[in-house]
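Structure first, then comments.
The values are calculated or read from the model by the stated rules, or taken from the named source; none is laboratory data. What you see is a predicted model; the values in this text were computed from it and never measured. Cβ atoms come from the backbone with ideal geometry, glycine included; neighbour counts cover every protein chain shown. Each accessible area value is taken on the protein alone, full model and side chains, heavy atoms only, with ligands, DNA and RNA left out. Shrake-Rupley method; radii C 1.70, N 1.55, O 1.52, S 1.80 Å.
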Amino acid sequence: GTEEEGTSLRFRVAGFANLRKKLGVSAAEMGKLLAFAQSVYHWETGKSKPRKSQLQAISAVRKMGNKVVAAKLAE
């Protein structure tokens, strides 16, 4: 769109947990996909929130299907 990438990205603990469940990946696997392994636990427990660069990575994962996720995890 015409909107600058990342300006409308929001983080919700429940939404992030639901995304992970929808993709059928563990927190560790989501961490591998995002390259922020320990952060996933902190985000899901509300101890911290993702930075802008991390929100962009989460947004990219959100657009992936289960097959793409499985292929990336198998790399």
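With the requirement that a residue be more than 20 Å from Glu75 (Cβ to Cβ) and open to solvent by 70 Å² or more (accessible area, probe 1.4 Å), what does region 17-37 give you?
Answer for region 17-37, where residues must be more than 20 Å from Glu75 (Cβ to Cβ) and open to solvent by 70 Å² or more (accessible area, probe 1.4 Å): Asn18, Lys21, Lys22.
Given (1) open to solvent by 60 Å² or more (accessible area, probe 1.4 Å); (2) among the β-branched types (Val, Ile, Thr); (3) within 11 Å of the chain's Cα centre (by Cα), identify the lone condition not met by Thr45.
Failed condition: (3).
Going by what's in this entry, would Met64 be described as among the aliphatic types (A, V, I, L, M), more than 17 Å from Arg12 (Cα to Cα) and surrounded by 14 or more Cβ atoms within 10 Å (Cβ to Cβ)?
yes
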